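Trainee: If you scroll down you'll find the structure; I have some questions about it.
Where a number appears in this text, it was derived from the coordinates with a stated rule and is not lab data. For clarity, every value in this text was computed on a predicted model and none was experimentally measured. Glycine gets a Cβ as well: all are built from the backbone with ideal geometry, and neighbour counts include every protein chain shown.
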Amino acid sequence: MKKKLFGAVSAAALVFAGAAMAEYPEKEIQGIIQWGAGGSTDAVMRAVTPHAEEVLGGKVVMQNMTGGVGAIAAKFTMTQPADGYTLLMGAENPMLYKVMGLGDFDYNSAFEPVALLARGVPILVANPDAPYNTFAELVDYMAAHPEEVKFGSTGPGGLPSVVTAMLDAEVDVSATFVPYDGDGPALTALQGGAIDVMPAVLGAALEAIKAERIKVIALVDNTPNEALPGVAPITEDFPGYGKYLPWGPFFGVFVKAGTPEDVVAKLSTAYLEGAQATDFVELLENRAYLPINLSGQDAKDYMAKWQSVTSWLVQDAGIAKRSPEEFGIPRP
Amino acid sequence: MDFQSFFMTFLDLRLMALVGAGTAAGIYIGAIPGLSVTMAVSILISFTFSWEMYDALALMIGIYMGGVYGGSRTAILLNIPGAPSAIATALDGYPLAKKGQAGEAIGLSTTMSALGGLIGIAVLGFAAPAVSEFAIRFQPRDYMLLAILGILLVGSLSGESLIKGVFAGALGLTIGCVGLDPLTAQERFTFGHIELWGGISFVAVMIGLFGVSEALMQLQHINTPAVKQKISRVIPSWKSVVKFLPLSIQSSSIGVIIGALPGTGGDIAALMAYDHAKRVTKDPEVPFGKGARAGLVAPETANNAAVGGAFIPMLTLGIPGDSVTAIIIGAMFIHGLNPGPMLMIERPEMFWFILGALVLATGFMLFFGLTGIRLFVKVVELPRAMLFPLILLLSIIGAFAVNNSLTDVYWMLGFGVLGYFMKLYGYQLGPVILGVILSRLIDDNWRRAIISEREDLGRLFHGIFTSPLSLVLFMAVVMIFFTSTPLWPMLKKRLRRKADPAPKA
């Protein structure tokens, strides 16, 4: 009898919970953008979210929370309830927190992927007045003028630091690294001459490249890119980089781990469908991003592989604070 | 022919209505502390994504212009700046309201805001490429010097005691340091509390220090009847507009430049303009801080001029001048434009459209601003027993609205009480806010500057002395510092004696 009653109560509770969940979203959803306004993560998230909102039938209010290589936004999201009302709109950075000593978590341990949307192509850009035009020339220049070239960075573990680690694995990168809040402010500083070279994602720099306000030194990929006609991939002169490429930053939407499955599923559908919208696809093309469109286990596998390649890269470069071995991250 | 787009908002009734509605909404959003223009415009992005691009931009521009102006309302009437850019407005605006001249103060600030806005737009229209080239040339060391120049405003905000002002400014800088270090994610002054990782909400500090402390202060005179407000003269006379014209042109120039710099916005512009006014106004009719009109005119022209300034790097280079233009850039992406250096070449009509919408929004701002005054000043005439609970309520809502966080409300109340005691013991609160605003600017850019010189002070000074811009900023810092010390009057006296050797016999 007692057991039956218990069963009835829990069944009722389940039904009730189901009914409550079916109404998700019943209030405004908070979208925490990990990087600054005007940067690449910001542009992608602000472009896709209105389409996702349409599918979702709810409102996502987006807010930039910058700093700490995105850790401030990630840690903030982790302090919020796991109810799907706080989305972390981030880039790849948290997959490196463990080895960079920025936290004991990553997207696969502390979050649930809603959707991996797109990935970018890394390039190396420089002020047009710089006395080098190709990566080979930059390498020679750095050898002749150690520590003189100012590289922009976005803190340990940010895209510039990983690209630098990759470059440093094959040649000697002797430069001074100046930290900025994001790629937007750093590219501004590059145009103003405060820094000389910036590892950036192609999309964020494209308009300035077209206007010849900055120049491309290297396309850090193993294939040529439609958006950069006439620029050879870095593997042409330096085949050694072939083993790391293709590599690129990615953008995704995440919720805190423990968020009810149906809420995650609903959000995934919304964001993946939203990413099919013509103008978003066009935006990705215009900005030279490649679509990923993964969710669930596929997304987790994608990120695990990315983490393995990148963690060992920074470990071998000597900029990792803790070895990937400590966390059981396998060598690729 | 692209210039024709300038008149688009004037000729299309729907666009005109959208600019008007945006401006009206912006004035109220700006006036309510805690609701910011940035917040409103980012909500609008998702709201307007299916709209025509021109419609969406018209609404956003209206809100931006109205919102920057709206912050002055509550600053003058209740001593709660509706937005950080209205902090300097409260310093002399609220004393005017206390003397029964709220109507005149609002009228003057409205007219001057419109004037400043128009000057900013004019610079945007005629000199945008030159100004943006100048603005992006600012190096980290220049931002650092600018921030130091800002911190020296403590000198003009300290009131009776410079020592107490310096203490208050240092307190502000420390408050601004709380949280995860933006460059390395190290915890600073967090004492292991996760709540402190994001830092202490600046708006909560501002509302607490200004609004709540003033309400507590006024509770001491709870039975004094409210000051009757004179509302006979709302629109300022032509004579007073002409009188303040030189000052408003100077403070607008400060506003445009500071607004165009990608790292600074209207709040710093307004404070710097206030300081400038204090320096150049030889004989104010009443002392600054007690209701000087010049102290109202300068920040109000500067913060609206900063709007035009913020659009300068955005439209010419695709680099946002402040947080609002950053979001408008996002909106333009979504509507299929590629804001960047090519925008002016590929879509020049966008430039003229935005310019036209800004002019129209300024016109609406003047109209809505001057028509509602009589009603608004009644708020200050409420019996104190009713007014102060209202101020507290507004402060709590404002502090909560920023991050939907109760922690911020506690901070706000805590700073209210702290502010009350500081005032009681003769500490000014302006320097505290100044410290909080400038803390990150000074911290980040000092570190960037010294890191890029390979942590060598000699190389840093070499850089300062070889760049004309840095040198001018450095000299300004030295001059302002020097003229604030007792050495300066002594030196001046001696110089005068030398120049004038023969006393009249």
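Trainee: Name the shape class, rounded, prolate or oblate, that the alpha-carbon gyration tensor gives for region A:173-332, where a ≥ b ≥ c are the square roots of its eigenvalues, rounded holds for a/c under 1.5, and otherwise prolate holds if a/b is larger than b/c and oblate otherwise.
Mentor: Verdict is oblate for region A:173-332.
Trainee: Right, here's the next one. Once label points are set 7 Å from the Cα along Cα→Cβ at both A:Asp140 and B:Lys228, what is their separation, rounded to one decimal in nm?
Mentor: Here the answer is 8.7 nm between the modelled labels.
Trainee: Further question on the same structure: Taking the Cα centre of each part, how many Å lie between region A:257-311 and region B:420-471?
Mentor: Here the answer is 41 Å between Cα centres.
Trainee: Determine the calculated [θ] at 222 nm for chain A from helices alone, applying -39500 (n - 2.57) to every DSSP H run no shorter than 4 residues and normalising by the residue count; nearest 500 deg cm²/dmol.
Mentor: -13000 deg cm²/dmol
Trainee: Please compute the alpha carbon radius of gyration of chain A, then divide it by the globular-protein estimate 2.2 N^0.38 Å. Two decimals is fine.
Mentor: In units of the globular-protein estimate, chain A measures up at 1.07.
Trainee: Please identify every one of the GluC sites (Glu not before Pro) in region B:148-242 that sits in a loop by DSSP and has no more than 14 other beta carbons within 10 Å of its own beta carbon.
Mentor: Sites meeting the loop and neighbour criteria: B:Glu160.
Trainee: 5 Å is the cut-off here: which amide hydrogens, built 1.01 Å from N in the peptide plane, fall below it relative to A:Val121, excluding neighbours closer than 5 in sequence?
Mentor: A:Leu202, A:Gly203
Trainee: Per DSSP H run of n ≥ 4, the term is -39500 (n - 2.57); total these for chain B, divide by its residue number, and report the mean residue ellipticity at 222 nm rounded to 500 deg cm²/dmol.
Mentor: Result for chain B: -23500 deg cm²/dmol, rounded to the nearest 500.
Trainee: Just to confirm a number: summing +1 for Lys and Arg and -1 for Asp and Glu over residues other than B:Arg14 whose beta-carbon lies under 13 angstrom from that of B:Arg14, what do you get?
Mentor: Summing Lys and Arg as +1 and Asp and Glu as -1 gives -3.
Trainee: Oh, and also: Using Cβ counts within 10 Å as a stand-in for footprinting exposure, how do B:Ser484, B:Ser50 rank, fewest first?
Mentor: In order of increasing Cβ crowding within 10 Å: B:Ser50, B:Ser484.
Trainee: Once the other residues with Cβ under 15 Å from the Cβ of B:Phe368 are scored (Lys, Arg +1; Asp, Glu -1), what is the net sum?
Mentor: Summing Lys/Arg as +1 and Asp/Glu as -1 gives +2.
Trainee: Still on this structure: Using square roots of five times the C-alpha gyration tensor eigenvalues, list the equivalent-ellipsoid semi-axes of region A:122-243 in whole Å, biggest first.
Mentor: 18, 17, 14
Trainee: What nm value, rounded to one decimal, do you get for the distance between B:Thr483 and B:Val241 when each label is placed 7 Å out toward the C-beta?
Mentor: Roughly 3.0 nm, to one decimal.
Trainee: Over region B:360-441, how many percent of alpha carbon pairs lie in each 5 Å bin up to the one with the longest distance?
Mentor: Pairs per bin, as whole percents: 3, 11, 12, 15, 18, 18, 15, 8, 1, 0.
Trainee: While we're here: For A:Lys300, go through the lysines and keep the ones whose alpha-carbon is under 20 Å away, minus same-chain ones fewer than eight residues off.
Mentor: Partners found: A:Lys75, A:Lys98, A:Lys256, A:Lys266.
Trainee: For B:Ser467 and B:Phe126 in one chain, what is 0.36 nm times their gap in residues minus the Cα-Cα distance, to one decimal in nm?
Mentor: 120.1 nm
Trainee: If each residue's Cβ is checked for other Cβ atoms within 10 Å, how do A:Val44, B:Val280 rank with the fewest at the top?
Mentor: Listed from fewest to most nearby Cβ atoms, that is B:Val280, A:Val44.
Trainee: Now a separate question. Starting from 0 in steps of 10 Å, tell me what percent of the Cα-Cα pairs of region A:111-152 lands in each bin.
Mentor: Answer for region A:111-152: a P(r) of 21, 40, 14, 15, 10 percent.
Trainee: Do any GluC sites (Glu not before Pro) in region A:110-200 lie in a loop, going by DSSP, with at most 13 other beta-carbon atoms within 10 Å of their beta carbon, and if so which?
Mentor: Listed in order of number, the matching sites are A:Glu147, A:Glu148.
Trainee: For chain A, take the longest principal axis of its alpha carbons; what is the angle in degrees between that and the long axis of helix A:40-56, to the nearest 10 within 0 to 90?
Mentor: Tilt of helix A:40-56: around 20 degrees.
Trainee: So, one more: Counting Lys +1, Arg +1, Asp -1, Glu -1, what net charge surrounds B:Leu434 among other residues with beta carbon under 12 Å of its beta carbon?
Mentor: Taking every other residue near B:Leu434 into account, the sum is -2.
Trainee: Can you pull a Stokes-Einstein diffusion coefficient for region B:17-125 at 37 °C (0.692 mPa s), Rh from Kirkwood over Cα pairs, as a whole number of µm²/s?
Mentor: Estimated via Stokes-Einstein, D reaches 230 µm²/s.
Trainee: If I take every Cα pair under 8 Å that is 6 or more residues apart in region A:183-316, average their sequence separation and divide by the length, what percent do I get for the relative contact order?
Mentor: Relative CO of region A:183-316 lands at 19 percent.
Trainee: Here's a follow-up. If you project the alpha carbons of chain B onto the principal axes, what extent comes out on each, in Å, largest first?
Mentor: Extents along the principal axes, in whole Å: 70, 67, 62.
Trainee: Please say if region B:228-363 is rounded, prolate or oblate, where rounded means a/c under 1.5 for a ≥ b ≥ c the square roots of the C-alpha gyration tensor eigenvalues, and otherwise the choice is prolate for a/b larger than b/c and oblate otherwise?
Mentor: prolate
Trainee: Roughly how far apart, in whole Å, are the Cα centres of region B:181-216 and region B:387-412?
Mentor: 14
Trainee: Averaging over all projection directions, find the projected area of the Cα convex hull of the protein assembly as shown and quote it in nm² with one decimal place.
Mentor: Value for the protein assembly as shown: 42.0 nm².
Trainee: Mind listing which chymotrypsin sites (Phe, Trp or Tyr not before Pro) in region B:143-234 are in a DSSP loop and have 15 or fewer other Cβ atoms within 10 Å?
Mentor: Loop-located and lightly packed - B:Phe189, B:Phe191.
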